[in-house]
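Inspection log for the structure reproduced underneath, given as structure tokens.
Computed from the coordinates by the stated procedures, all read-outs in this text should not be read as laboratory data. All figures in this text were calculated on a predicted structure; none of them were measured in a lab. When we count neighbours, we look across all protein chains shown, and the Cβ atoms used for this are built from the backbone with ideal geometry, even at glycine.
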Amino acid sequence: MVTQESIAVQLYSVREDLAQDFDGTMRRVAAMGYSNVETAGFTITTKQAKATFDSLNITVVAAHLPLPLGDMKNNVLDTIGIYGCEYLVCAYLSADDYFQSVDAVKRAADLLNEANVVAQANNLTLLYHNHWWESALLDGKPAYQYLADYTEDTVGFEIDTYWVQTGGLNPVDVIQELGSRVPILHLKDGAATTEAAMVALGDGVMDFDAIFAASQANWHIVELDRCDSDMLQAVAKSYQYLMGKIDS
């Protein structure tokens, strides 16, 4: 169920504006109504970003970061510790390296399980964010199903509903199948093709009413990877669209 408190924006959406004016862009995002964000990479330090968020009463609910393994482990844990959020999200694993065969998906699962040990030890929830290639069939079964089967139950999924549909599957089916392992939904709209730019929520082909009815997610995160119109306007319109779903 969508509530005002469950709405957030993935700041990757406004990355170009943030690179030009981080504080000013964040003030505009806050003025739209967003009080929750999900982070990706920034051109300023984590501490600087957090200071801006705090000044605007914005909460970081999840962070896209490298897996906390090897040389990246301490940096990832330090970063998410500064943000103070629960969800550590793996933004993607390479289609070529990990989703061309069932054995490759098993290797992806092993990697996520290894990272999950670190996440669990630090009171974090590890999530995997899909694109369209996890919908591809391997031996007659979508690749994401193998990933779900071979990962621990404590590894969750940040389901990008648009990419699921772009990959040829029904996001409602995927969300229902994974159930409580999907605490976060990514929401974008458009033509549901790999080439098309995204549009504000409600202006494309996505059936969000059915998606929300099927979901157990705690968070509904707007993410537009690219947009032919003004990105900030599309992000603002997406917030208003979600607010309209609260009363529907």
- Task: Just give me a number: lysine pairs in the chain, eight or more positions apart or cross-chain, with C-alpha atoms less than 27 Å apart.
- Result: 10
- What residue among Ser13, Ser55, Ser101 shows peak mean-square fluctuation when the chain is described by a Gaussian network model with Cα springs under 10 Å? Ser55
- Query: Around Asn130, which amide H atoms from residues at least 5 apart in sequence, or from another chain, sit under 5 Å from its own amide H, with H modelled in the peptide plane?
  - Reply: Glu158, Asp160
- Have a look at Cys227, Ala119, Ala109 and report the one farthest towards the positive end of the charge dipole of the chain, computed about the Cα centre with Cβ charges (Lys/Arg +1, Asp/Glu -1). Ala119
